[in-house]
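Values in this text are rule-based calculations from the coordinates and carry no lab data. Just so it is clear, the model here is predicted, and its values are computed rather than measured. A quick note on method: Cβ atoms are made from the backbone with ideal geometry, for glycine too, and the neighbour counts reach across all protein chains shown.
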Amino acid sequence: MATVTLGSKAEGSIIKLKENGVLVEFYIAKQNYESGLNGAGRVLVVRKDCYDQRQWHSSNINAYASSAIDTWLNGTYKNLLDANIRTAMGTTKIYYTPGNGNNSKTTLQRSVFLLSATELGQSHTYMNAEGTALSSTVLNLLKIAKLNGSAYPQWTRSPYVHTYYNYNAWSLNSEGGLSSYYCSSAYGSRPAFT
């Protein structure tokens, strides 16, 4: 049997990976993801549907690196994946904004993360450009997330960047448009990793 590598798969194609022993669909979202930060060859995969709904930050603070969703993604969720997937993913450098008053763009290393609003093709006065937009083919697939078969808002890792508002983060709403919500709100969690 011939082996097919992720690097040979077209962006937008679907692969199946095991989550808690069950095959789940993921999109190939980007070949050579953030090669300037990670070197060549990292393949970004994004869960086809939201895993569940959950708070971005239980304390209603828009600091991603200490958020409830980031902790869950890199703990409970990561451990649902098969050991061989966890070994292959390692950690990925991503662009992000610390939030909670620190509005300068920097980098963070994570095994599992949320896509930024920029990567999902969005821009706004109160948002930093975190990375680059994915291809139009992939954006058409990712713009509207589903949870249990219905369109559902999906969180991004991007905080609402404003001097006085440290309690909102950006999401794509159920129509695929940009919305900001309180970080303590529960919306779709859509894991991504390389």
When the expected Rg is taken as 2.2 N^0.38 Å, what fraction or multiple of it is the alpha-carbon Rg of the chain? 0.96
With unit charges on the beta carbon (Lys/Arg positive, Asp/Glu negative), name the residue among 162, 142, 181 whose Cα is farthest towards the positive pole of the charge dipole of segment 43-194. 142
Taking 19 Å as the cut-off for C-alpha to C-alpha distance, list the pairs among 78/105; 9/93; 18/48; 16/48 that go past it. 78/105; 9/93
If the only charges are +1 at each Lys and Arg Cβ and -1 at each Asp and Glu Cβ, what is the size of the charge dipole of segment 39-194 around the Cα centre, to the nearest 20 debye? 260
Based on the Cα gyration tensor of segment 82-194, what are the three equivalent ellipsoid semi-axes, each the root of five times an eigenvalue, rounded to whole Å and given largest first? 21, 19, 14
Enumerate the amide H contacts of residue 116 below 5 Å, restricted to partners 5 or more residues apart or on another chain; note that Pro and chain-start residues carry no placed amide H. 157
Using mean Cβ contacts within 10 Å as the protection proxy, how do 72-78, 123-129, 8-14 order, highest first? 72-78, 123-129, 8-14
Reachable aspartates and glutamates from residue 146, Cα under 12 Å, same-chain residues fewer than 8 places away excluded? 49, 52, 175
